[in-house]
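Engineer: What follows is a single structure, and I will ask about it in a moment.
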Amino acid sequence: MPSAQPSPTELGEPDLILVRYGELALKKGNRGEFEKALVRNLRQALASTTKAEVDRQHGRIFIRPERRCEKAAKRAAEVFGVKTVSPAWTVASDTEAITAQAAKLLESALAARGQSEPVSFRVRVRRANKAFPLNSSELERHVAERILPGPDTVRVQLVNPEMTLGIEVRDRNTFLFLDRIEGNGGLPVGTLGRALCLLSGGIDSPVASWLAMKRGLHMGYVSFHSAPYIGEGFRRKVREVVRNLGRWQYKAPLFTVPFADIQVAIRDQTPERYRTVLYRRMMQRIAERLATAENCGALVTGECLGQVASQTLENLTCIEAATSLPVLRPVLTYDKEEIIQIARRIGTFDISIQPEPDCCTVFQPNRPVIRGRVEDCLAAEAQMDVEGLMQRALDGTEMELLDHEGGA
Amino acid sequence: MVYAPMTTVYLDNAATTPLAEPVREALAPFLGEEFGNPSSRHALGVRAAEALTRARTQVARALGGQATEVAFTSGGTEANNMAVLGAARARKKQGAQILLGATEHPSVRAAGEALSAEGFEVQTIPLDETGNLDLQVAEALLTPETVVVAQMLVNNEVGTIYPVAKLARLARKYSPQVHMHTDAVQGLGKLALDLDQLGVDSCSVSAHKVHGLKGTGALVTRPGTRLQPLIFGGGQQGGVRPGTENVVGAVAFGAAAQMADDRCEQTYEHAAGLRAQLDNGLKTLSGISLLEAGTERMPSICSLLVPGAPAEVWQHHLEARGIFVSVGSACQSNDSSVSPALLALGLDAERARRVLRLSFSALTTSEEVQIALDALESLAPELEGLS
């Protein structure tokens, strides 16, 4: 569908962004809390684009950006919990002023559209100001009759028109808009609690984190660093991923756990085939400790059923058995292509494919176990000082708060 | 992290070198009051232009003297591009064959690929099994249609010094109109360079390899050399590389080049001493050997073949002890990303992943080499058993 966005030279920039949110309205019990969170998240998101006022009124959020209204609208649409946004123009709540502005809007939209088939069109009025002299359908008719240029350019169609001119009449001001930018949907980040995501450096875990944020979880991150088998480049890459995910959650803690000693112990003291599963069990144990200290109610991983040999149902069972926290796996049933598609959309793909491996080749088993058994994991771990290794790793763990702008 | 090195031992001077104090002093006024545009006609501009001229003279001097033209560039990559692309495109009517060395820097190889897409025939001068340039094959490849020959002077990974002058004589014998280019980025400051003795038409050098700033290099050419420019603009630097000159970078490069050239014999001897020390130390260390490629070698670049764990693991373990070195090829890289230079030397992908490079500068001390040797010795029991 061609954009109905009027060219700013004829009409001027919109001065207001109307934000509509969907699902929130369903959550009657704590709707107020959800709305507050959404306003807060919108404020943080917009900070990177422009100064803006964000207000909440009658089931809508209104953003008045100081500048860059179009860009701010796109940014607002990214925020989880937002259903649609519309850049809008404000006029006084007066029939003549509304009609004049509506005519300008339609004219510039048609000009931007160029010569083509007649466009199907309707005016849709939402009237919060019940004292306004015309009711909704009277105002719709009043405006349409005065602005429509003729049937060879515009054809009225009430159901599913290509172009809808929206008019929201409030007490003093009225807002007019043509565009609806689809938002990401979901729930405001933070409204469903906190979770800790295990970031591996691969393509899957950032996508898993994004999907978890989309459902309202506030994320923290943990990554396991096998220095000195792996270089500092790996940490730079993980930081870049976390900062990129900051587009949806402005600030996030990243825990970096020194993991080489644990890998050496597992390599030297346990059956080779179980290495990968045992590494992951240790990661989950350490993540659980960090999660508990951080008030996180769940772990999030990028595990995907059958994607690599180690990700069988049996192995996932072995890994999960190491923690008592729920393990959320948002991409469990996704195909690689589906994951990559999201990774590209959210901008993590190009970071994830940088050649900075998370695990050194010297620790990889030749023939990893496919159908691991929990008993075998426990037997293997009985040979190691699990608690001591964990404690030393936790003692060496570093935490940094990373934000989207780049400064820690 | 757990690993907090107390001191830093920097043995990666083929990658880059620290800024030298006299260079910092020379450039300082140009970060402050001397901010003029060299094209301006007022005093401030004239002073900048004079500084640029002085820097040009200093770089020219390091390449053998007066009768050269110096175009400052953004670095070695741009200088190599300017020479290879510029010379080939200016000679399109004379012929379409290009000869490139087997171990050229990516900026030369990629320029060759671009020319190949433009219809030039690009061929490679191979190395023989000892790592020397195969001049017999080169002779067989040369024709009157050969318009550009590019051969690096010093191999950046194993230090082989290639017989550029011999190759240049051969090239001119078969193709009098040929443009002979050399990438001497790793040679400046260790070898007494002379455009005439090298027999080349153009030579690339880079400032940050000789204690200058990153972002500055130069293409030094014989007067009258025909090059089609890569960028177009206001005619600065004789039009061959227009754009307001990077005065700070050029001034720093001038100072650095002069210092490097003045001390090149000492630096070479100093590096030779360090290499001998390393070689001796390694003799008592079973399993680690010095790669010896070619007859003539630059002692400041030493590549080791390490056993057991891939070189990258050795690198990070050394790093944990504060010792910075580099590797020939990354640990988990696929075969296509294994250094073509190492493959050209006859190393397979597996061995190429075991190449650890230590490279010295005039500032490297014998104590530092000893620290590296001690570290290698103490790491060997842990790492040689891994694979």
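Engineer: Alpha carbon centre of region B:44-120 versus region A:209-257: separation in Å?
Structural biologist: Computed from Cα coordinates, the inter-centre distance equals 43 Å.
Engineer: Please find the FRET efficiency linking A:N129 to A:E78, where r is the Cβ-Cβ separation and R0 is fixed at 25 Å, and quote it to the nearest 0.05.
Structural biologist: Numbers: r = 31 Å, r/R0 = 1.25.
FRET efficiency, A:N129 to A:E78: 0.20.
Engineer: On full extension of the chain, what length is gained from B:T284 through B:N132, given 0.36 nm per residue of separation minus the C-alpha to C-alpha distance? Could you put the intermediate results ahead of the total?
Structural biologist: On the way: separation 152, 0.36 × 152 = 54.72 nm, distance 2.82 nm.
Fully extending the segment from B:T284 to B:N132 adds 51.9 nm.
Engineer: Would you list the membrane-span-like helices of chain A, meaning whole DSSP H runs whose alpha-carbon atoms span at least 24 Å along their axis and whose mean Kyte-Doolittle value is at least -0.5?
Structural biologist: Numbers: long enough: A:95-113 (27 Å, 0.39); A:275-293 (27 Å, -0.35).
Long hydrophobic helices here: A:95-113, A:275-293.
Engineer: Let me ask something additional. Over region A:202-342, calculate the relative contact order: mean separation of alpha carbon pairs under 8 Å at least 6 apart, over the residue count, as a percent. Present the calculation step by step, with values, prior to reporting the outcome.
Structural biologist: Numbers: 161 pairs, mean separation 42.6, N = 141.
Here the relative contact order equals 30 percent.
Engineer: So for the pair B:A117, B:Q277, with labels modelled 7 Å out along Cα→Cβ, what separation do we get in nm?
Structural biologist: 4.7
Engineer: Any chance you could give the angle, 0 to 90 degrees and rounded to 10, that helix B:76-90 forms with the longest Cα principal axis of chain B?
Structural biologist: 50
Engineer: Run the numbers on chain B and let me know its relative contact order in percent, using alpha-carbon pairs under 8 Å that are six or more apart. Could you put the intermediate results ahead of the total?
Structural biologist: On the way: 827 pairs, mean separation 88.5, N = 387.
So the answer I get is 23 percent.
Engineer: Roughly what % antiparallel, to the nearest 5, for the DSSP beta bridges in chain A?
Structural biologist: Details: 31 of 56 bridges.
Beta bridges within chain A, antiparallel portion: roughly 55 percent.
Engineer: Then there's this: How are the alpha carbon pair distances in region B:1-107 distributed across 10 Å bins from zero to the largest one, expressed in percent?
Structural biologist: 10, 24, 31, 21, 11, 2, 0
Engineer: Let me ask you something else. Over all directions, what mean area does the Cα convex hull of region B:82-166 project, stated in square nanometres? Intermediate values should be presented prior to the final figure.
Structural biologist: Working: hull surface 21.8 nm².
Result: 5.4 nm².
Engineer: Restricting things to alpha carbons, tell me how big region B:94-228 is in terms of Rg and Dmax, in Å.
Structural biologist: 14.3, 41
Engineer: Can I ask one more? Once you treat every alpha carbon in chain B as an equal point and sum by Debye, what is log10 I(q)/I(0) at q = 0.08 Å⁻¹?
Structural biologist: Those come out to -0.43, one per q.
Engineer: Report, to two decimal places, the Cα Rg of region B:139-206 normalised by 2.2 N^0.38 Å (N = number of residues).
Structural biologist: Values: Rg = 11.9 Å, N = 68, 2.2 N^0.38 = 10.9 Å.
Against the empirical 2.2 N^0.38 Å value, I get 1.08 for region B:139-206.
Engineer: If you don't mind, another one. Out of every Cα pair in chain A, what percent are spaced more than 31 Å from each other? Please list the in-between numbers first.
Structural biologist: Values: 40550 of 83028 pairs.
So the pairs more than 31 Å apart make up 49 percent of the total in chain A.
Engineer: Output the antiparallel fraction of DSSP beta bridges having both residues in chain B, as a percent to the nearest 5. Walk me through the numbers before you get to the answer.
Structural biologist: Numbers: 22 of 41 bridges.
So the antiparallel bridges amount to about 55 percent of the total.
Engineer: Just to be sure I understand: of the beta bridges DSSP finds with both ends in region B:177-248, what percent are antiparallel, rounded to 5? Provide the component values of the computation, followed by the final result.
Structural biologist: Details: 5 of 9 bridges.
Roughly 55 percent of the DSSP beta bridges within region B:177-248 come out antiparallel.
Engineer: Okay, moving on. Taking region B:204-302 as the region of interest, what is the percent of Cα-Cα pairs per 10 angstrom bin, listed from the shortest bin to the one with the maximum distance?
Structural biologist: Percent of pairs per bin, in order: 13, 29, 26, 19, 10, 3, 0.
Engineer: Do any trypsin sites (Lys or Arg not before Pro) in region B:68-156 lie in a loop, going by DSSP, with at most 12 other beta-carbon atoms within 10 Å of their beta carbon, and if so which?
Structural biologist: Values: sites: B:R89, B:R91, B:K92, B:K93, B:R109; in loops: B:R91, B:K92, B:K93.
Counting only loop positions with at most 12 other Cβ atoms within 10 Å, the trypsin sites (Lys or Arg not before Pro) in region B:68-156 are B:K93.
Engineer: As an exercise, identify the trypsin sites (Lys or Arg not before Pro) in region B:204-313 lying in DSSP coil whose Cβ has no more than 16 other Cβ atoms within 10 Å.
Structural biologist: Numbers: sites: B:K209, B:K214, B:R226, B:R263, B:R275, B:K283, B:R297; in loops: B:K214, B:R226, B:R263.
Answer by residue number: B:K214, B:R226, B:R263.
Engineer: Of all the C-alpha pairs in region A:314-408, what % are more than 15 Å from each other? Each step should come with its number before you reach the end.
Structural biologist: Working: 3592 of 4465 pairs.
Counting every Cα pair in region A:314-408, those more than 15 Å apart make up 80 percent.
Engineer: Under a plain spin-label model, where a point goes 7 Å from the Cα along Cα-to-Cβ, how far apart in nm are B:F35 and A:A97?
Structural biologist: Taking the simple label geometry, B:F35 and A:A97 are separated by 4.8 nm.
Engineer: Further question: Would you mind checking the radius of gyration and Dmax of region A:109-189 based on alpha-carbon positions, in Å?
Structural biologist: Rg and Dmax of region A:109-189, Cα atoms, are 14.9, 47 Å.
Engineer: Oh, and also: Rounded to a whole number, what is D in µm²/s for the protein assembly as shown from Stokes-Einstein with the Kirkwood radius over alpha-carbon pairs (37 °C, 0.692 mPa s)? Don't jump to the answer; show the numbers that get you there.
Structural biologist: Numbers: Rh = 31.4 Å.
Using the Kirkwood radius from Cα pairs, D works out to 105 µm²/s.
Here, each number is a calculation from the coordinates, and none is a lab measurement. Because the structure is predicted, anything quoted here is derived from the model rather than measured. Glycine also receives a Cβ, built like all others from the backbone with ideal geometry; neighbour counts cover every protein chain displayed.
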